[in-house]
Amino acid sequence: MPTLKFKTSINCANCIRAVTPFLDAEASVDKWSVDTNNPDKILTVEGANPIPELIMKSVSQAGFDIEPA
């Protein structure tokens, strides 16, 4: 299963709660997590065929910064 990693501004449990509906609605995403202990707040996304542009759009729509790691 392909894995993508992104640097984000998702830095706490409330941020994760805010972005959850956006990432859960993205069809190309099977599983995701954010390492809030990492200074770059790394979002790891797994899926059969995750589409980076759609993932970045979803996180941006939730109000967070995101860029490829």
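The values are calculated or read from the model by the stated rules, or taken from the named source; none is laboratory data. Quick caveat, the model's predicted, so the values are computed rather than measured. Glycine gets a Cβ as well: all are built from the backbone with ideal geometry, and neighbour counts include every protein chain shown. To get the accessible areas, we keep the full protein, side chains included, count just its heavy atoms, and leave off ligands, DNA and RNA. Shrake-Rupley method; radii C 1.70, N 1.55, O 1.52, S 1.80 Å.
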Please list, ordered by first then second residue, the pairs with beta carbon atoms under 6 Å, 6 or more apart or interchain, first in the stretch 16-27 and under 13 Å from residue 47 (Cβ atoms), second of a type in the set (A, V, I, L, M). 23/29; 26/54
If residue 48 satisfies every condition in (1) farther than 15 Å from residue 2 by Cβ; (2) out of contact with any strand residue (DSSP E or B) (no Cβ under 9 Å at 6 or more places or on another chain) but one, which is the exception? (1)
I'm trying to understand the selection: among the residues of the stretch 23-33, which are surrounded by fewer than 18 Cβ atoms within 10 Å (Cβ to Cβ) and assigned to a strand (DSSP E or B)? 31, 33
Quickly run through the stretch 47-56 and pick out the residues that are open to solvent by 30 Å² or more (accessible area, probe 1.4 Å) and in a loop (DSSP other than H, G, I, E, B). 48, 49, 51
Tally up the residues in the stretch 1-46 that are within 12 Å of the chain's Cα centre (by Cα), farther than 16 Å from residue 61 by Cβ and not β-branched (Val, Ile, Thr), please. 10
When you go through 20, 36, 8, 44 one by one, which is the residue that is hydroxyl-bearing (Ser, Thr, Tyr) and buried (at least 18 other Cβ atoms within 10 Å of the Cβ)? 8
Looking at the stretch 24-35 only, could you name the residues that are over 14 Å from residue 65 (Cα atoms) and out of contact with any Gly (no Cβ under 8 Å at 6 or more places or on another chain)? 24, 25, 26, 27, 32, 33, 35
For the stretch 57-68, which positions are open to solvent by 50 Å² or more (accessible area, probe 1.4 Å), not in a loop (DSSP other than H, G, I, E, B) and not polar (S, T, N, Q)? 57, 67, 68
